[in-house]
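Presented below is the structure to which this report refers.
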Amino acid sequence: MHPYFNPDDWSQEVLPPQSLLLIIGAPFGSCLVVLGALVLSTGIPSLLLLRATPDSPALALLRAYHAGHLIACALALLAPFLYGALVVWQFRVWGRKLGRRTALLSIPALTILAGVLLLSVVVGAWGVVLWRAELPKLCVQYSADIRQIEAGELEQMTLLLDEKSVPDHMPGAPSDDLTLHRRGASGRDTDFEWVTLRFPDALDFTPVSDSFCVAGQTWGWNWEHVQRYQVSYTSNFHLVTEITPVD
């Protein structure tokens, strides 16, 4: 037997059960913290809306979700580095409690497990948040719509409304975060093609009852007999900022 190798060194005395807390707890704990932060970031827009002024519901929605998506993008980009920093920090904290030798012997197993879980962090942060949810692209669109409202350069059309209204969420928001309603509209400005408009729930608007597009009638008949509306909305998300009936 080699004089420097003694199987008895791998007994509980060398690697006590507490070392599993370091080997398993540090990577898993760090992974849960990082992915949990990404999940919790989806609630940031709702918090920002609590402080929003009611002057422009559309602008308030755009600013809140734009800020939330920017924070989510930053967290996603920094997630692997934040994960690594948390693993190192926990190793230093628990390493002092377990002893220098035990901590050093835990490094190989800790490194392997931390590397495997790093893939989960990268896939969860970069794959889901940045690629699948397309948050960087959405941030650009949000920013463009915000500038459009602030500059007063909105799309303006005279349109007829569809009777059907569906609760909806802002682009990129969770499906249960219902802050607006989606409704179809059409008119001469769209060559009588249907477009989808998003109406913020806080927008002070109630359509004229029993005056929507009638299925089965011609567009000419609808244009003459159905209530028309002057609508101002953004180019990217078709978020309505103002709508008034046309006499």
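Tabulated data for the structure shown
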{"quantity": "Sum of -39500 (n - 2.57) over DSSP H runs of 4+, divided by residues of the chain (222 nm, nearest 500)", "calculated": "-15500 deg cm²/dmol"}
{"quantity": "Dimensions in Å of the stretch 114-247 - Rg and Dmax from alpha carbons", "calculated": "18.9, 68"}
{"quantity": "Projected-area mean, the chain, by convex hull of Cα positions, square nanometres", "calculated": "19.4"}
{"quantity": "For the stretch 145-196, the Rg and Dmax computed from alpha carbons only, in angstrom", "calculated": "13.4, 34"}
{"quantity": "Contour minus Cα-Cα distance for GLU242 and TRP221 (0.36 nm per residue)", "calculated": "5.0 nm"}
{"quantity": "Choice from PRO27, PRO45, PRO174 with maximal GNM fluctuation in the chain (Cα, 10 Å cutoff)", "calculated": "PRO174"}
{"quantity": "Gain in span if fully extended, TRP194 to LEU104, counting 0.36 nm per residue against the direct Cα distance", "calculated": "25.7 nm"}
{"quantity": "Residues of the chain: accessible area per residue with a 1.4 Å probe, Å²", "calculated": "59"}
{"quantity": "P(r) of the stretch 197-238 over all Cα-Cα pairs, binned every 5 Å from zero, in whole percent", "calculated": "5, 18, 22, 21, 17, 14, 3"}
{"quantity": "Portion, in percent, of the accessible area of the chain that falls on carbon or sulfur, probe 1.4 Å", "calculated": "60"}
{"quantity": "Net dipole in debye of the chain [+1 Lys, Arg Cβ; -1 Asp, Glu Cβ; about Cα centre; nearest 20]", "calculated": "1480"}
{"quantity": "Segment VAL140-HIS169, extension gain: residue separation times 0.36 nm, minus the distance between their alpha carbons", "calculated": "8.6 nm"}
{"quantity": "Karplus 3J(HN,Hα) series, Hz, for the stretch 162-176 with 6.51 cos²θ - 1.76 cosθ + 1.60 (x for Gly, Pro)", "calculated": "7, 6, 6, 10, 10, x, 8, 10, 5, x, x, 8, x, 5, 8"}
{"quantity": "PHE28-LEU77 FRET efficiency (beta carbon distance; Förster radius 22 Å; 0.05 resolution)", "calculated": "0.50"}
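The values are calculated or read from the model by the stated rules, or taken from the named source; none is laboratory data. Treat the numbers as computed from the prediction; the structure is a model and nothing was measured. Glycine also receives a Cβ, built like all others from the backbone with ideal geometry; neighbour counts cover every protein chain displayed. SASA here: full protein model, heavy atoms, side chains in, ligands and nucleic acids out. Shrake-Rupley method; radii C 1.70, N 1.55, O 1.52, S 1.80 Å.
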